[in-house]
Amino acid sequence: MATSTSDHEHRQALEALYVQHERGLFNIAYRYTWSAEDARDVVQDAFVRLWRKRDGIEWPRAAGLAYRVVLGLAANRRRGNAIRRIFGIRDDDAAAIAPGSDELLAAARTDAAVRRAIDRLPEALRSALVMCAFSELDYAAIGEVLGV
């Protein structure tokens, strides 16, 4: 019976972590993959991994671990997407922009310029920038996640 109680406590801790940090985790994953679908998948995969390692997690400090897992998975997804683009597989997000509005076109151009600028950053700088701008963590927690 102790295991079910333990799993129940783990489930509550995981749910609380999700409720508190899902938005920030999604934002980080999105800025790596530039795809809402990929970002949702990355966050889901991260929580599945956390659940599998639940017995070894210190739940009060789990937010940092969640961000590290999302950063790693998002970086892997980004590399996979880059490989698919090399082989000519289309990016659905780029095809989804419908021309016809000057404002929409201007926003798409700005978005593309920001994406290119972020994509050109070395991995360590990209991680720091994206974490600071979108993670909803304070600088001390970001430093802990990034190991600096």
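No lab work stands behind these numbers, since they all come straight from the coordinates. Note that the structure is predicted; figures quoted are calculated from it, not measured. Methodologically, a virtual Cβ is constructed for each residue, glycine included, from the backbone with ideal geometry; neighbour enumeration extends over all protein chains shown.
Taking each residue as 0.36 nm, the span from residue 109 to residue 22 lengthens on full extension beyond its C-alpha to C-alpha distance by 28.5 nm. If you wrap region 6-81 in the convex hull of its Cα atoms and look at it from every side, the mean projected area works out to 4.5 nm². Extension gain for the segment residue 119 to residue 82, taken as residue separation times 0.36 nm less the Cα-Cα distance, is 12.2 nm to one decimal. Treating r as the C-beta distance of residue 41 and residue 138 and R0 as 22 Å, the FRET efficiency rounds to 0.20.
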